[in-house]
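The values are calculated or read from the model by the stated rules, or taken from the named source; none is laboratory data. Nothing here was measured: the structure is a model prediction, and the numbers come from that model. Using ideal geometry, Cβ is built from the backbone for each residue, glycine included, and neighbour counts are taken over all protein chains shown. Surface areas here come from the heavy atoms of the whole protein model, side chains and all, with no ligands, DNA or RNA. Shrake-Rupley method; radii C 1.70, N 1.55, O 1.52, S 1.80 Å.
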Amino acid sequence: MHRHRHSARAAGRRLALATATAGALLTALLTPGAQAEPTDPTTPEYQVADAQSMADAYGRITGENGQLRNPAYLPALVQANGQRSVDQLLDQMATPTRPAVSPGFLVPGWNVGNPLRAGWAGTRGRVRKVTFTNKYGALLRGKVWAPLKHARDPYTGRRLHGPYPGVVITTGSVQGSQGMYEWLAQDLAERGYVVLTYDVQGQGTSETLPHESGQVFPFCDPTSDPAPGEMTGCPGVPFQQLSNFVVGTRNALGFFTSTPRRHYPNAGAAGADVNDFNPFWRLFDRSKDRRTDTPGRTTRIAIIGHSLGAQAVSKVQQIDQRAMTVVAMDKLATGDLTGSTPGVQNTPTIPALALQSEYGFTVTPWWLSGGSSLQPQPSPAGPDPMRERATGFDGWHRAGIDSMLVVPHASTHLDYTDIPLVLPASRYGQDLDSTYIQLWLDRYLKHRHNTRALLASSFTYLEPQGDGVWKPITLKRDDLLSKRYCSAYSLADDGRPRVDLDIDHVGC
């Protein structure tokens, strides 16, 4: 009899817990916004917070003024998609011997970016299309972005004076396209930077195959020995390899710094209409930086990369003297820590900003938070607060080189890309990322004493609303940082260390 009463009470407790949890999950899914996150995965409160975080990871689509809740979004998408598709088709027809077999050309909307930004060119900044080849002769297509003549900073109203520092942005893998990163190029250009976006070989609008031995038509010998860093005897094939992004970043730096007197070499460009030099070369500040934070690095250029592009810039920052600071968007990597690419040895060399995410391509529950966001594994004890620090930031911190790690709440691997109506992304992660990138580059390329601004708890960001309108919104740092994974910084401020290895008190 006692056993039956005990079993009945235990069953009742389990039923009550299940009922409470189910009700809390439903409430969380229907209630927008971040909540303080409990730490015990066995409690209903934790399940509530976990469900809320997963719901918030779709905020760019379903959140306040998100893609489905802004009446200007769908009409703008239809118009922008049609124009972009026609432009890309014309580009391909003009270069029939340089085929790009990728979703960037073949799938409508793939490369359209954020249609609410339509009208930026000519009103907030300027842009020029460019084409150049990588060292294997594959045609790379890109754009160069710059401030308008006599422009004023849209945040401060102060007049912008050139020449300006430079930025090279390398896309992510799995067919990331430069159109997905135009948000960042525009945000930086209108604040006083010259920016190059481009597609690596085999992705977006760039050519799929190389042109070795001076061939007009695509040519390579797949039976030959692979070149250093390549996977096959056909350089750049398959596209999903680190070499594409390392080669692309270094060749993009070469094109960006080219001038009418120092042409970019454009290897294997026979039969292709290419640019011999950066059309905005006059706007780039070529003076040697005498206030550099890294001895020997005097070129005023930042390199930024996403995904496999982030792995690439983590490598290039060490080996290419033209890079003065690096921004890695999911994830910064060192060669001796968990999370880095096998075989890649990256030594921290220049100041680094790491922007990293709670989720990968998919949104998973807390018990799959082990491994990394990109390769989830079971984690019965719940998320490890140190997970994002361990990929690269801790290595930079130990090396004594300025670094910062920002992990936005409910952020996904797609936060850094503008993709219409599909795939999860948080509502404000991209806004927060852009804000930190702007502040970071101001600090290390323009040498502004902005410690207070960089470490502030509140920011203003100009967000596109459609119909040529950009609206200021307020970003509250403590509401928008992850409550699961630690954000951190390790900076030298007038020679004094400023270190916080757990900005939002997660538990590192």
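Annotation: per residue accessible area for the stretch 102-193 equals 33 Å², rounded to a whole number [probe 1.4 Å, protein chains only].
Could you work out the relative contact order of the chain, using alpha carbon pairs under 8 angstrom and six or more residues apart, expressed as a whole percent?
Working: 1166 pairs, mean separation 72.6, N = 508.
Here the relative contact order equals 14 percent.
Tell me the chymotrypsin sites (Phe, Trp or Tyr not before Pro) within the stretch 354-418 that lie in a loop according to DSSP and have at most 16 other beta-carbon atoms within 10 Å.
Working: sites: Y359, F361, W366, W367, F393, W396, Y416; in loops: Y359, F361, Y416.
Qualifying residues, ordered by number: F361.
In a DSSP loop and with at most 14 other Cβ atoms within 10 Å, the trypsin sites (Lys or Arg not before Pro) in the stretch 416-508 are R448. Solvent exposure of the stretch 229-329 amounts to 39 Å² per residue of accessible area, where only protein heavy atoms count and the probe is 1.4 Å.
Summing -39500 (n - 2.57) over the DSSP H runs of n ≥ 4 in the chain and dividing by its residue number, what mean residue ellipticity at 222 nm do you reach, to the nearest 500 deg cm²/dmol? Present the calculation step by step, with values, prior to reporting the outcome.
Details: 12 runs with 138 residues, N = 508.
For the chain, the value works out to -8500 deg cm²/dmol.
The mean sequence distance of close C-alpha pairs (under 8 Å, at least 6 residues apart), as a share of the length of the stretch 318-454, puts its relative contact order at 25 percent.
The residues of the stretch 414-484 expose, per residue, 36 Å² of accessible area to a 1.4 Å probe.
Where the accessible area of the stretch 85-170 is counted over protein heavy atoms with a 1.4 Å probe, how much of it, in %, is carbon and sulfur? Ligands and nucleic acids excluded, carbon and sulfur give 61 percent. Residue separation of Q215 and A456 scaled by 0.36 nm, minus their Cα-Cα distance, works out to 81.3 nm of gained length. Bridging of K288 to lysines at a Cα separation below 20 Å is possible for K446, once same-chain residues fewer than 8 apart are set aside. Within the accessible area of the stretch 362-508, what % is carbon and sulfur when the probe is 1.4 Å and the other protein chains stay in place? Whole-percent figure for carbon plus sulfur exposure: 53.
Restricting the calculation to Cα atoms, the chain yields a radius of gyration followed by a Dmax of 23.6, 96 Å.
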